[in-house]
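Student: Mind having a look at this structure? Questions to follow.
The values are calculated or read from the model by the stated rules, or taken from the named source; none is laboratory data. Remember, it's a predicted structure, so these values are computed and weren't measured experimentally. Virtual Cβ from ideal backbone geometry, glycine too; neighbours counted across all protein chains shown. Areas reflect the complete protein model, heavy atoms only, side chains present, ligands, DNA and RNA absent. Shrake-Rupley method; radii C 1.70, N 1.55, O 1.52, S 1.80 Å.
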Amino acid sequence: MIFAANLKCNHTRASFKIYADVLNKTMGVKCDDIIVFPPSIAFLESQTNFIQGAQNFYPCINGAFTGELGKEHLDEFGIKCVLIGHSERRILGDETLIKAKFDFAKEHNYKIVFCIGEDLKTKNSGKTLEFLKSQLDIIDLNYKNLIIAYEPIYSIGTGVSADIKDISSVLEYLTTLSQAPLLYGGSVNENNIKEILSIENCGGVLVGSAALKVENFIKLIKG
Ligand code: PGA
């Protein structure tokens, strides 16, 4: 199972160092199935027993892109994993960049956690699968380092995860499109993780709020 933590705009350099120390000690050895996306200002240069991923980057090596991070900056921290298509970034204007980001990350062999998910209006109109397919149409679904995270927008940060039956039918549909591991994200917590991980075709979780405290994230991993 893959356990990914998206820390979003939380944690400082100092607090993430403590987070990583605790996680490193708990893991003991390098584990490629644990991914943490800290804020980029907090990236660690030292080796970690989990994969450090970038919440955001610009599809360039370097250049005149004020405020952005290029590959050169990720390289300095050995970052080889990126999050693309998170709904919070789509809202902030990433939509037009998603394909370019994916193609760049693929070209440079990054592990890509690619997020898709519908809003409540789309869900209620019965167009979920069609919508998700349109979000996936722009990327190479056979890319070997791809992980797809299904994160229905209406369940993110609300404390209420999507219905197990809905998650299950979406994941089943996604297996017809790609062989990539499939994660579920959206209010995953201590109380619902077991049921979510027992869904057929669920290869792990992408967790926000419930992973902000390292002790909680560890509890989710240990089950
Ligand atoms: P949440 O966030 O667990 O707080 O709902 C998940 C995410 O945005 O990836």
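Student: Assuming R0 = 30 Å, can you tell me the calculated FRET efficiency for the pair residue 66 and residue 177, based on Cβ-Cβ distance, to the nearest 0.05?
Tutor: Once rounded, the FRET efficiency stands at 0.25.
Student: Checking a compactness column here: for the chain, what do you get for Rg(Cα) / (2.2 N^0.38 Å), N being the number of residues? Write out the running numbers ahead of the final one.
Tutor: Numbers: Rg = 16.6 Å, N = 223, 2.2 N^0.38 = 17.2 Å.
Here the answer is 0.96, to two decimals.
Student: For region 2-222, what does the accessible surface come to per residue with a 1.4 Å probe? Please give it in Å².
Tutor: Here the per-residue accessible area is 48 Å².
Student: Here is a follow-up. Just to verify a number: FRET efficiency for residue 129 and residue 41, C-beta to C-beta distance, R0 = 45 Å, to 0.05? Display every interim value, and only then the final one.
Tutor: Values: r = 38 Å, r/R0 = 0.84.
The calculated FRET efficiency here is 0.75.
Student: Could you calculate the FRET efficiency of residue 160 with residue 25 from 1/(1 + (r/R0)^6), where r is the beta carbon distance between them and R0 is 35 Å, rounded to 0.05?
Tutor: Step by step, r from the Cβ atoms, then E = 0.60.
Student: Can I ask one more? Can you show me the helix-derived [θ] at 222 nm for the chain, built from DSSP H runs with n ≥ 4 at -39,500 (n - 2.57) apiece and divided by the number of residues, rounded to the nearest 500.
Tutor: That calculation yields -9500 deg cm²/dmol at 222 nm.
Student: Hey, another quick one. Mind telling me which of 38, 152, 59 comes out most flexible in a GNM of the chain, alpha-carbon contacts under 10 Å?
Tutor: Among 38, 152, 59, the largest mean-square fluctuation in the Gaussian network model of the chain belongs to 59.
Student: Here's a follow-up. Would you work out the charge dipole size for the chain about its Cα centre, treating the Cβ of every Lys and Arg as +1 and the Cβ of every Asp and Glu as -1, and quote it to the nearest 20 debye?
Tutor: Computed charge dipole of the chain: roughly 340 debye.
Student: Can you list residues whose amide H is under 5 Å from residue 54's amide H, if they're 5+ apart or on another chain and H is modeled 1.01 Å from N?
Tutor: Those lying under 5 Å, H to H, from residue 54 are 81, 82, 83.
Student: Right, next: Please arrange 140, 94, 32 by accessible surface area, largest first, computed with a 1.4 Å probe and ligands excluded.
Tutor: 32, 140, 94
Student: With a 1.4 Å probe and all protein chains in place, put 96, 12, 128 in order of accessible area, largest first.
Tutor: Descending order: 96, 12, 128.
Student: In the chain, carbon and sulfur make up what percent of the accessible area (probe 1.4 Å)?
Tutor: Looking at the chain in its full context, I get 53 percent from C and S.
Student: Still on this structure, I have one more. Cut-off 10 angstrom, C-alpha nodes, Gaussian network model of the chain. Which of 212, 92, 74 fluctuates the most?
Tutor: 92
Student: Work out the charge dipole of the chain with +1 on the Cβ of Lys and Arg and -1 on the Cβ of Asp and Glu about the Cα centre, then indicate which of 24, 69, 53 is farthest towards its positive end.
Tutor: The one lying farthest along the dipole's positive direction is 24.
Student: What length, rounded to one decimal in nm, is gained on full extension from residue 32 through to residue 107, with 0.36 nm per residue of separation minus their alpha-carbon distance?
Tutor: Value of the extension gain: 24.9 nm.
Student: Would you grab the residues whose amide H sits under 5 Å from the one on residue 151? Only those 5+ places off in sequence or on another chain, please, with H modelled 1.01 Å from N.
Tutor: Result for residue 151 returns 116, 117, 185.
Student: Further question: What's the local net charge at residue 132, with K and R +1, D and E -1, over the other residues with C-beta under 14 Å away?
Tutor: Residues close to residue 132 contribute a combined charge of -3.
Student: Right, something else. Can you give the extra length, in nm with one decimal, that the chain gains between residue 14 and residue 216 once fully stretched, where that is 0.36 nm per residue apart less the Cα-Cα distance?
Tutor: Details: separation 202, 0.36 × 202 = 72.72 nm, distance 1.87 nm.
Length gained, residue 14 through residue 216: 70.9 nm.
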